[in-house]
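Structure record follows, encoded as structure tokens.
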Amino acid sequence: MDFSQIYNTGYEVIFTAFSAIITAQIIKCVVFLIIKRKLDVRLFTTTGGMPSSHSAGVMGLSTAVGLINGFDSITFAIALGFACIVMYDAAGVRRAAGKQAACLNRIIMDVYKQDLEEAGGKLKELLGHTPIQVFVGAAYGVIYAFIVHYALIYYIN
């Protein structure tokens, strides 16, 4: 494969962002396996947990843009602004929605006497992230973008 067609292009940015998300989801499954001593592949397709794949993806994207266009470029500033909004949402709004879902599930269980199906099913509680999960995901995304960028340089030369 000719990596020179990917290096320093939008393809590198897209590849970095999406592969950071996928690898963060894999790491999430591995962390769960290590801590809980059981494999739950459903974690690969869920939100929440350590590390934040949303944060990894947007910071990987931002860092790749910075490496290609410069960290003083307008495109990097836009990408970083987008990343900050996504990470704030993950740790703030989505986390609050998850807490509300947990409260509603408890209320429903009390009212319907443990029969959640009668009430329409259990609401998803693991929606957002703790600030540390967002930070670890963001750090992973930055490091991952540097690894991808310099791995492409290595394979081109």
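The values are calculated or read from the model by the stated rules, or taken from the named source; none is laboratory data. The structure displayed is predicted, hence computed values, not measured ones. Please note: Cβ atoms are built from the backbone with ideal geometry, for glycine as well, and neighbour counts cover all protein chains shown. Just the protein is used for accessible areas: all its heavy atoms, side chains included, with ligands, DNA and RNA removed. Shrake-Rupley method; radii C 1.70, N 1.55, O 1.52, S 1.80 Å.
Residues in the range 4-21: is at least one open to solvent by less than 50 Å² (accessible area, probe 1.4 Å), touching a Pro at 6+ places or on another chain (Cβ under 9 Å) and not hydroxyl-bearing (Ser, Thr, Tyr)?
So far as the range 4-21 goes, no, none of its residues is open to solvent by less than 50 Å² (accessible area, probe 1.4 Å), touching a Pro at 6+ places or on another chain (Cβ under 9 Å) and not hydroxyl-bearing (Ser, Thr, Tyr).
From the list ALA139, ALA101, ALA97, exactly one residue is in a helix (DSSP H, G or I), at pLDDT 90 or above and among the aliphatic types (A, V, I, L, M). Which is it?
From the options ALA139, ALA101, ALA97, the qualifying one is ALA139.
Need pairs with beta-carbon distance below 6 Å; first residue closer than 11 Å to VAL13 by Cα and within the range 144-157, second open to solvent by less than 80 Å² (accessible area, probe 1.4 Å) and not aromatic (Phe, Trp, Tyr); sequence gap 6+ or separate chains.
ALA145/THR16; ALA145/GLY60; ALA145/THR63; ALA145/ALA64; VAL148/THR16; HIS149/LEU67
In this structure, does GLY49 turn out to be in contact (Cβ under 8 Å) with a residue 24 or more places away in the chain and in contact with a Lys or Arg (Cβ under 6 Å, 6 or more places away or on another chain)?
yes
Condition check ((1) closer than 23 Å to TYR7 by Cβ; (2) of a type outside the set (Lys, Arg)) across all residues:
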| site | (1), (2) |
| --- | --- |
| LYS36 | no, no |
| THR46 | no, yes |
| GLY66 | yes, yes |
| THR75 | yes, yes |
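Cβ-Cβ distance below 6 Å, separation of 6 or more or different chains: which pairs start in the range 79-91 with a residue that is touching a residue at least 12 places away in the same chain (Cβ under 8 Å) and end on one that is part of a helix (DSSP H, G or I) and open to solvent by 60 Å² or more (accessible area, probe 1.4 Å)?
VAL86/HIS54; ALA90/HIS54; ALA91/PRO131
Closer than 22 Å to ILE153 by Cα and under 16 Å from the mean Cα position of the chain (by Cα): which single residue out of SER73, SER52, SER19 fits that description?
When all the criteria are applied, what remains is SER19.
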